[in-house]
Amino acid sequence: KPRLFSGMQPSADSLQIGNYIGALMQWRGMQDDFDAFFTVVDLHAITVPQDPKELREKTRRTAAQYIAAGIEPDKSTLYVQSQVPAHAELAWILSTITGFGEAGRMTQFKDKSQRYGSDQASVGLFTYPVLMAADILLFQAEAVPVGDDQKQHVELTRNLAERFNARFGETFTVPEPVIPRETARIYDLQEPTSKMSKSAESQAGVLYLLDDVNVTAKKIMRAVTDSEGIVRYDRDEKPGVSNLLAIYSALTGSSVAAIEDEYAGRGYGDFKKGLRDVVVAEFEPVRARALELLDDPAELDRVLSANATRAAEAAEHTLTAVYERVGLLRG
Ligand code: ATP
Ligand code: MG
């Protein structure tokens, strides 16, 4: 089976609906056709400040949500990044073939560093995409399912793989990004021109998987719309309503046009209630299962550690070849 790699940062207590639509739903459907590696990327999370005790908890919570959303740790390899040191080892080597200007063009760094200011933004935040390239290349992944916000990072990964192969000889598989439909980028409900992020400063516009049902309902009913009153998709003129349509469509599988028809002549109130029901029905079982898994952290840790061993074995193969090609001694 072809290899697949993807991951999420344990940067919040709960994942958000963009993670669910842009990543988890895709992952779930790909497990049978790929030898998949799904990682909780804690080394990426520490590129911005994290509280140590909370980080460990968030890591477990993220893993539990993967499983609750349908990732099966017996079928796919579900593990925590820092438990496999090869990620960091390969990232260092790749950083030596990455251009400074090349890394500087990454828009996620520009966005996130603005939040912290240039003195607070770490070098790790700057080299984040190089670590992500290492994650993917370590497993010779052919497919990398990511939300559209990560497309630029996968493009960098492809460039680094090609560069390394050209310089040192065929070593890495050049991966392909697997990006769901254009409508799969989800925006903040209060600020529908910014990407929804689980680590956003304000939680008011973020739909968290583990939110209480009432909280989810309230956030949807309070979502920013516009004064036109027509349920119609128009990203530029109607970012709020378009975002709600995108969520509705992604969760139900109905086309945007069909949903527009369904709500023709009805107001935003009706539409939001419809969406609320869809989201709550989707989240409820996931939330219940995640909380159940978190009730037994020892068992969860055991599963993660067994999976990390499997991942480390797969990674070792690539790392040995890389050390050999680059001219490093390996004991
Ligand atoms: P953070 O705020 O910590 O960056 P995040 O919500 O952006 O968190 P990541 O861990 O960076 O989540 O990304 C996990 C996966 O979710 C990636 O595949 C990413 O492309 C996808 N993703 C994140 N946000 C969205 C979104 N708003 N819409 C669609 N996909 C998304
Ligand atoms: Mg992100």
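Only the coordinates and a few stated rules stand behind these numbers; no lab work does. This one's a predicted model, so the numbers in the text were calculated from it and none came from an experiment. Every residue, glycine among them, receives a Cβ derived from its backbone with ideal geometry; neighbour counts consider all protein chains shown.
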Any lysines with Cα under 20 Å of the K151 Cα? List them, leaving off those in the same chain fewer than 8 positions away.
-> K110, K112, K195, K198
Once both label points are put 7 Å beyond Cα along the C-beta direction, the T96-V174 separation in nm becomes 2.4 nm
Summed side-chain charge close to Q50 - residues other than Q50 whose Cβ falls under 10 Å, Lys, Arg +1, Asp, Glu -1 = 0
Pseudo-spin-label distance A258 to D236, built 7 Å along Cα→Cβ, given in nm, is 2.9 nm
Treating cross-link reach as a plain straight distance, find the lysines whose alpha-carbon is under 16 Å from the alpha-carbon of K75, omitting any fewer than eight places away in the same chain.
-> K1
What FRET efficiency do you get for R310 and D13 if R0 is 22 Å and r is their Cβ-Cβ distance, rounded to the nearest 0.05?
-> 0.20
With a point put 7 Å past each Cα toward its Cβ, work out how far D32 is from R163 in nm, to one decimal.
-> 4.0 nm
Size of the stretch 183-249 as Cα extents on the principal axes (Å, biggest first) | 30, 21, 20
GluC sites (Glu not before Pro) within the stretch 230-325: DSSP coil, no more than 16 neighbouring Cβ in 10 Å | E237
Taking the chain and counting helices only, DSSP H stretches of n ≥ 4 at -39,500 (n - 2.57) each over all residues, the nearest-500 ellipticity at 222 nm comes to -16500 deg cm²/dmol
A correct Karplus calculation of ³J(HN,Hα) over the stretch 13-28, with 6.51 cos²θ - 1.76 cosθ + 1.60, θ = phi - 60°, whole Hz and x for Gly and Pro, returns 5, 9, 6, 10, 5, x, 5, 5, 6, x, 10, 4, 4, 5, 4, 3
State, to one decimal in nm², a quarter of the convex hull surface area for the C-alpha atoms of the stretch 122-177, i.e. the direction-averaged projected area.
-> 3.9 nm²
Using a 10 Å cut-off on Cβ atoms, rank the peptides 140-152, 219-231, 115-127, 2-14 from the highest mean neighbour count down.
-> 2-14, 140-152, 219-231, 115-127
If you plug each phi of the stretch 251-259 into the Karplus form 6.51 cos²θ - 1.76 cosθ + 1.60 with θ = phi - 60°, what whole-Hz ³J(HN,Hα) values come out, in order, with x for Gly and Pro?
-> 7, 9, x, 6, 6, 4, 4, 5, 6
Computed magnitude of the charge dipole of the stretch 162-261 (debye, nearest 20; Cβ of K, R +1, Cβ of D, E -1) = 260 debye
Dipole in debye (nearest 20) - the chain, about Cα centre, beta carbon charges: Lys, Arg +1; Asp, Glu -1 | 380 debye
10 Å binning of all Cα-Cα separations within the stretch 213-291, expressed as whole percents from 0 upward = 18, 52, 24, 6, 0
Give the calculated FRET efficiency between R266 and R105 to the nearest 0.05, with a Förster radius of 35 Å applied to their Cβ-Cβ distance.
-> 0.20
³J(HN,Hα) across the stretch 93-106 via Karplus (A = 6.51, B = -1.76, C = 1.60, θ = phi - 60°), whole Hz, x for Gly/Pro?
-> 4, 5, 5, 7, 10, 9, x, 4, x, 4, 5, x, 8, 6
In angstroms, what radius of gyration and Dmax does the stretch 1-104 have, counting Cα atoms only?
-> 14.7, 42
Please list the non-local residues whose amide H lies under 5 Å from the amide H of G7, H modeled 1.01 Å from N, same-chain partners needing a gap of 5 or more.
-> T39
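Efficiency by 1/(1 + (r/R0)^6): what FRET value for M221 and E324, r their Cβ-Cβ distance, R0 = 51 Å, to the nearest 0.05?
That pair, M221 with E324, gives E of 0.30.
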Return the Cα extents of the chain along principal axes one, two and three, sorted largest first, each rounded to a whole Å.
-> 70, 45, 41
